[in-house]
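Undergrad: Take a look at the following structure, please.
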Amino acid sequence: MIKDRLSGNEAVALAMKSMNMDVMAAFPITPSTEIPQYFSQFVADGATETIFVPVESEHSAMSACIGAQAAGARSCTATSSCGLALMNEVLSVASSLRLPITMCCVTRALTGPINIHNDHSDAMGVRDCGWIQLYAENAQEAYDNYIMAVRIAEDPKALLPVMVCQDGFITSHAVENIILLAEDEIRKFAGFYEPENYLFNSREKVAYGPYDSPVYFMEHKRQQAQAMIDSLEVINAVSQSFGDLTGRYYDLLEAYRAEDADRLLVVLGSTAGTAKQVVDELRKAGEKVGLIKIRAFRPFPVQALVQALGNAKIVAVLDKSEGMSANGGPLFADVCAALGGRGPRLVNYIYGLGGRDVRPLHIKEVFEHLKDDIEGKTPAAKTAANYRYLAVRE
């Protein structure tokens, strides 16, 4: 066990270095720039044998990873915001070719207006590209998720690329106490990458990226969709193994003081830390409140979520991204779909866009709103509105 003080970006870069990735291709963009910056220094210092490929754009970064992974090399990258949006075309190529690339997405608002601060609009914009998405609450979880991501991606039941998401500046730049693993432990955990099919395999010919006619296309998408379903089991198994190694156990989601709660919040990322503090304070005051933190957003943990919601009377789903659907945010849509009209009443709050502060008083405000809803104190017009904004000047 190695104790240190690191930012989330430096922790992820260390995880990449410790696994001695074969290829890293990257283009700098705030707030993920530090990851390739740290990593390129590791390469320059001879601390890793990874080939670092500086490219001219994020589209090229993912294209280089696709080429390297198809050739049989364990590949990685990192990006944010508009860089992720620029990758969009080739993200689907990576997942459809079943290439287990790993990427750290340091989440940041999408332009426009131009904004370099945190929300989840970038990762949500590519949520249906066929990538597994894991969200981290803090730097420790970002580091741990990345180590697990490589093994999850390469599992034969999955063979899908994995995106490890952490909140820009909030997690990526804040320095925290963190527990690291020794490099030999990480490499043993990740294992040696031995792909069954790859371009440099002289024993068996394989094609990557050929034209797929209507005769086969739908079957290939069905296989890809099944891999996403099967990856729920893979994530659980790898997380269990990681917990056995480190003592840090992770599930598809975390139910925090939710067993007997009548009011629950559902959140992603760093907001969970703020919300836990509020939950503890309100619990001391005798209020039955709780929290569900989604760790695996893709695949979406339907059964685990339904079970975790228990007997709650009302649930607020907090979206750090505006869905522009006139019907709420993307996390809210998935929670609604998971429940299928059953279970507690759901209310959606859009919050924290473009880095807007999310303070304990805002979380308390949500719980108060939910209490008023249960007790019938909310005005009828507002009760009918399941799609609300938090901490905004209307």
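The values are calculated or read from the model by the stated rules, or taken from the named source; none is laboratory data. Here the structure is a predicted model, which means the values were calculated and not measured. Positions of Cβ are generated from backbone atoms using ideal geometry, with glycine treated the same way; all protein chains shown enter the neighbour counts.
Undergrad: When you go through 319, 373 one by one, which is the residue that is of a type outside the set (A, V, I, L, M, F, W, C), within 20 Å of the chain's Cα centre (by Cα) and surrounded by 14 or more Cβ atoms within 10 Å (Cβ to Cβ)?
TA: 319
Undergrad: Among the helices (runs of 4 or more DSSP H) confined wholly to region 1-114, which include 1 or more residues that are among the small types (Gly, Ala, Ser), touching a Gly at 6+ places or on another chain (Cβ under 6 Å) and in the same structural domain as residue 134 (by TED's automatic domain parsing)?
TA: Ranges flagged: 81-96.
Undergrad: Another question about this same structure. Looking only at region 354-366, which residues are in contact with a helix residue (DSSP H, G or I) (Cβ under 8 Å, 6 or more places away or on another chain) and surrounded by fewer than 22 Cβ atoms within 10 Å (Cβ to Cβ)?
TA: Across region 354-366, the qualifying residues are 358, 359, 360, 364.
Undergrad: Report, ordered by the first and then the second residue, all pairs with beta carbons closer than 7 Å, sequence separation of six or more or different chains, a first member in region 221-241 that is closer than 16 Å to residue 98 by Cα, and a second member that is of a type outside the set (S, T, N, Q) and part of a helix (DSSP H, G or I).
TA: 231/152; 234/152
Undergrad: So which residues in region 331-370 are out of contact with any Gly (no Cβ under 7 Å at 6 or more places or on another chain) and of a type in the set (Val, Ile, Thr), if there are any at all? Spell out the reasoning first.
TA: Residues of region 331-370 out of contact with any Gly (no Cβ under 7 Å at 6 or more places or on another chain): 331-332, 334-347, 349, 351-357, 359-370.
Within region 331-370, 335, 347, 363, 366 qualify.
Undergrad: Picking from 257, 203, which residue would you name as being touching a residue at least 12 places away in the same chain (Cβ under 8 Å) and not hydrophobic (A, V, I, L, M, F, W, C)? First the steps, then the outcome.
TA: Values: 203 fails: touching a residue at least 12 places away in the same chain (Cβ under 8 Å).
That would be 257, the only listed residue that is touching a residue at least 12 places away in the same chain (Cβ under 8 Å) and not hydrophobic (A, V, I, L, M, F, W, C).
Undergrad: Which numbered condition in (1) in a helix (DSSP H, G or I); (2) of a type outside the set (Phe, Trp, Tyr); (3) surrounded by fewer than 24 Cβ atoms within 10 Å (Cβ to Cβ) is the only one that residue 157 fails?
TA: The single condition residue 157 does not satisfy is (1).
Undergrad: Does residue 343 satisfy being at positive phi, not assigned by TED's automatic domain parsing to the domain that holds residue 173 and not polar (S, T, N, Q)?
TA: Yes.
Undergrad: Restricting the search to region 1-48, which residues are touching a residue at least 40 places away in the same chain (Cβ under 8 Å), charged (D, E, K, R) and under 19 Å from residue 107 (Cβ atoms)?
TA: Scanning region 1-48 gives a single hit, 34.
Undergrad: Residues of region 217-275 being basic (Lys, Arg) and buried (at least 17 other Cβ atoms within 10 Å of the Cβ), which ones? Steps first, answer last, please.
TA: Looking only at region 217-275, we keep the residues that are basic (Lys, Arg), and these are 221-222, 248, 257, 263.
263 - this is the single residue of region 217-275 that is basic (Lys, Arg) and buried (at least 17 other Cβ atoms within 10 Å of the Cβ).
Undergrad: Which of the residues belonging to region 198-240 are at pLDDT below 95 and either assigned to a helix (DSSP H, G or I) or at positive phi (or both)?
TA: 209
Undergrad: If I filter region 116-131 for residues that are of a type in the set (Ser, Thr, Tyr), in contact with a Cys (Cβ under 7 Å, 6 or more places away or on another chain) and not in a loop (DSSP other than H, G, I, E, B), do I get at least one hit?
TA: Taking every residue of region 116-131 in turn, none turns out to be of a type in the set (Ser, Thr, Tyr), in contact with a Cys (Cβ under 7 Å, 6 or more places away or on another chain) and not in a loop (DSSP other than H, G, I, E, B).
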